[in-house]
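Asks: Let me begin by handing over the structure; questions about it come next.
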Amino acid sequence: MKIICIGRNYLAHIKELDNDLPKEPMFFMKPETALLPAGEPFPYPDFSKEVHYETELVLHICKSGRNIAESQAFEYYDALTVGIDFTARDLQSQCKAKGHPWEIAKAFDYSAPMGSFKKISALKNPSDISFGMKLNGEWKQQGHSRDMIFSFDRIISHVSCFVTLQEGDLVFTGTPQGVGEVHVGDVLELFLEGEMVFGLEVV
Ligand code: ZN
């Protein structure tokens, strides 16, 4: 399986990082080794001094496909959760400055923890899914899927033009504003439609 991550999908987050508005979805990937077993703490990597959280809705791909039409894309994902796209922001800034790929900043081990999946059909409000993250008990990020620049369907269609999607793949759909640093000892709590889906300690 593979993990596909969309960058720059919420306007307010693009502004906070001073990035340009994309004309089409931009994506990168994390390997399977970026998964963190449920209940495990997140080990702060020793190669970074500035690890950021990015709280994102994550789609579960339920059917393989390529060149998927936007109008058919809904058939290819069936469940969703909230996850963290951990980012070594210091390394990412260095990579961007040199024009290098970002993998060392994004694809490292355990950089993609997430909660258990909920069927899309069981969501209270599938057309505007709310999600968020509390850091040490304080709200840091709160997002709504209606604020995405590119919809789930557009993302699935676009990515599948380049990379075949396979059953079991996961898609991080971008972070809203409010990204920031984590430190050893922090506790993150992730919420989907007002309910806590998982907690995570940084060690
Ligand atoms: Zn992200």
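Asks: Going by amide H atoms built from the backbone, whose H comes under 5 Å of the H on residue 141, apart from near neighbours?
Replies: The answer is 133.
Asks: Here is a further query. From the Cα gyration tensor of segment 98-198, with a ≥ b ≥ c the square roots of its eigenvalues, which class applies: rounded if a/c is under 1.5, or else prolate if a/b is larger than b/c, or else oblate?
Replies: oblate
Asks: 5 Å is the cut-off here: which amide hydrogens, built 1.01 Å from N in the peptide plane, fall below it relative to residue 180, excluding neighbours closer than 5 in sequence?
Replies: 53
Asks: Looking at this model, which pairs from 30/96; 49/124; 30/140; 2/49; 30/134; 23/124 are more than 29 angstrom apart at the alpha-carbon?
Replies: Among 30/96; 49/124; 30/140; 2/49; 30/134; 23/124, the Cα-Cα distance tops 29 Å for 49/124; 23/124.
Asks: Additional query: Would you calculate a helix-derived [θ] at 222 nm for the chain, using -39,500 (n - 2.57) for each DSSP H run of n ≥ 4 and dividing by the full residue count, to the nearest 500?
Replies: Result for the chain, helices only: -4000 deg cm²/dmol.
Asks: Along segment 72-88, what does the Karplus equation 6.51 cos²θ - 1.76 cosθ + 1.60 (θ = phi - 60°) give for ³J(HN,Hα), rounded to whole Hz, x for Gly and Pro?
Replies: Using θ = phi - 60°, the values come out as 9, 4, 4, 6, 9, 9, 10, 8, 8, 8, 10, x, 10, 8, 5, 9, 7 Hz.
Asks: Could you give log10 I(q)/I(0) at q = 0.07, 0.10, 0.19 Å⁻¹ for segment 3-201, computed by the Debye formula over C-alpha point scatterers of equal weight, without solvent?
Replies: One equal scatterer on each Cα of segment 3-201 leads to -0.18, -0.37, -1.52.
Asks: Just report the Cα centroid separation between segment 106-121 and segment 73-100, whole Å.
Replies: So the separation of the two Cα centres works out to 11 Å.
Asks: Based on DSSP, what percent of beta bridges with both residues in the chain are antiparallel, to the nearest 5?
Replies: The answer is about 90 percent antiparallel.
Asks: Of 66, 89, how do they rank once you tally other Cβ atoms within 10 Å and put the fewest first?
Replies: 66, 89
Asks: What order do you get for 117-124, 150-157, 130-137 when each peptide is scored by the mean count of other beta carbon atoms within 10 Å, highest first?
Replies: Top of the packing list down: 150-157, 130-137, 117-124.
Asks: Rank 71, 173, 152 by how far each Cα sits towards the positive end of the charge dipole of segment 3-201 (+1 on Lys, Arg Cβ; -1 on Asp, Glu Cβ) and give me just the farthest.
Replies: 71
All of the numbers you see were taken from the coordinates with simple rules; none came from a lab. Predicted model, so just to flag it, every value in this text is computed and none were measured. Note that each Cβ is placed from the backbone with ideal geometry, even for glycine, and that neighbours are counted across all protein chains shown.
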